[in-house]
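Read through the structure below, which is laid out as structure tokens, and then see the notes.
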Amino acid sequence: MNGKTLFSTLDYHDVLEAATPEDLVYMNPPYQGVTNIQDNRYFAEVPFDEFAQAIEILNKKGVNYLISYDGACGGKEYGEELPKSLHCKKVILNADVSSQALLLGKKSITFEVLYVSKALIPTFDMQPQQLSFLEAMT
């Protein structure tokens, strides 16, 4: 990936505006429902509607993306599903035992959701053995 990868610390709107169809954008925004003002280890939650609109712009531009956005741990679900109108594939990944739960003396399995842009779905569907997922939904 040498010479083909760019890391930045810009506002996500600026990064997405600069993205082109030749790019693959990976986004891991603050998880919904687990970030708050009192916990300053994380940036405050990104407004859901604003984020969904930004993804719609990527779709219109033909930019491929992967988004790690919501999930579940210990029977509790975190976050609202991205709108079906975005036409991305939702894949539930088993992320194993939660390190946060272990710190609290619990042993809970974490399931994270990966959203795959529409154009990447055929490639993703051809190589499921490379991913450790529990359940995939379109």
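A few points about this structure:
- Residues within the stretch 6-57 that are assigned to a loop (DSSP other than H, G, I, E, B), open to solvent by 60 Å² or more (accessible area, probe 1.4 Å) and modelled with pLDDT of 80 or more, tallied: 8
- Pairs meeting the criteria (first residue in the stretch 7-19 and within 17 Å of A52 (Cβ to Cβ), second residue surrounded by fewer than 10 Cβ atoms within 10 Å (Cβ to Cβ), beta carbons under 7 Å, at least 6 apart or on different chains) are V15/S8.
- Only listed residue being modelled with pLDDT of 75 or more, of a type in the set (K, R) and surrounded by 10 or more Cβ atoms within 10 Å (Cβ to Cβ), chosen from K90, K60, K106, K84: K90
The values are calculated or read from the model by the stated rules, or taken from the named source; none is laboratory data. Predicted model only: the values in this text are computed from it and were never measured. With ideal geometry, Cβ positions are generated from the backbone for all residues, glycine too; neighbour counts draw on all protein chains shown. Ligands, DNA and RNA are excluded from the accessible area calculation, which covers all protein heavy atoms including side chains. Shrake-Rupley method; radii C 1.70, N 1.55, O 1.52, S 1.80 Å.
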